[in-house]
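The block underneath contains the structure these notes are about, expressed in structure tokens.
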Ligand code: 5GP
């Protein structure tokens with residue numbers, strides 16, 4: 001079986017949208033105590049590009065979660081593999097995700113974070129697949145809505161491959 005990559009969202013499109021999101025967040029969080037929480041591994045490239053489009057004081061922390069195995073279906077169980085390095089009490093948190101698919105991961109993280117008394121929690125996701133939603137997640141800052149296809153690239157993997165692609169694409173197997 002051979003794998004072929006088909007581009008869905010180009011590097012230029014991602015760059016332009018990320019710039020807009022960074023500008024919007026900079027305006028919305030001018031007088032706040034902003035902490036980005038990048039959900040690993042998938043969001044590390046998006047988070048790195050996004051925070052460089054933010055021109056206000058902010059911090060970044062990382063949270064390791066595991067919700068997928070080597071396959072492409074969610075297990076519905078979210079395991080924290082690496083917790084935040086600092087408390088988020090009284091902070092204005094923006095969770096940075098690669099993709100909101102069923103929504104289970106972000107729903108779980110929002111519940112977890114609320115127990116730590118942040119001032120606010122919002123969600124910024126590069127991608128959203130509304131067709132597969134199992135819980136309603138308001139994505140406050142959204143890059144692109146996509147159809148129900150399994151995507152890779154720009155941080156997203158298939159069996160740990162393709163994270164390094166500069167664009168988002170679909171893997172076609174023939
Ligand atoms: P959810 O809990 O919303 O179903 O899924 C969240 C996580 O599943 C994402 O952060 C991502 O790691 C993974 N995921 C969901 N859809 C896709 C996809 O189309 N491609 C890849 N590579 N990962 C996905």
Seminar exercise, completed: So the angle from the long Cα axis of helix 104-114 to the longest Cα principal axis of the chain, reported in degrees to the nearest 10, equals 10
Problem set entry | Gained length - residue 135 relative to residue 4, 0.36 nm times residue gap less alpha-carbon distance | 44.0 nm
Problem set entry | Tail weight of P(r) past 17 Å, computed on alpha-carbon pairs of region 75-123, percent | 34
Seminar exercise, completed: To the nearest 10 degrees, the tilt of helix 11-28 (Cα long axis) against the first principal axis of the alpha carbons of the chain is 20
Exercise. For region 135-174, what is the convex hull volume of its Cα atoms per residue in Å³?
Worked result: 114
Exercise. Please state the relative contact order of region 27-174 as a whole percent: Cα pairs under 8 Å, 6+ residues apart?
Worked result: 21
For this session: Starting from 0 in steps of 10 Å, tell me what percent of the Cα-Cα pairs of region 1-135 lands in each bin.
Result: 11, 41, 35, 11, 2, 0
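Every number here is computed from the coordinates shown, using simple stated rules; none is lab data. In this text the structure is predicted, and so the values were computed from the model without any measurement.
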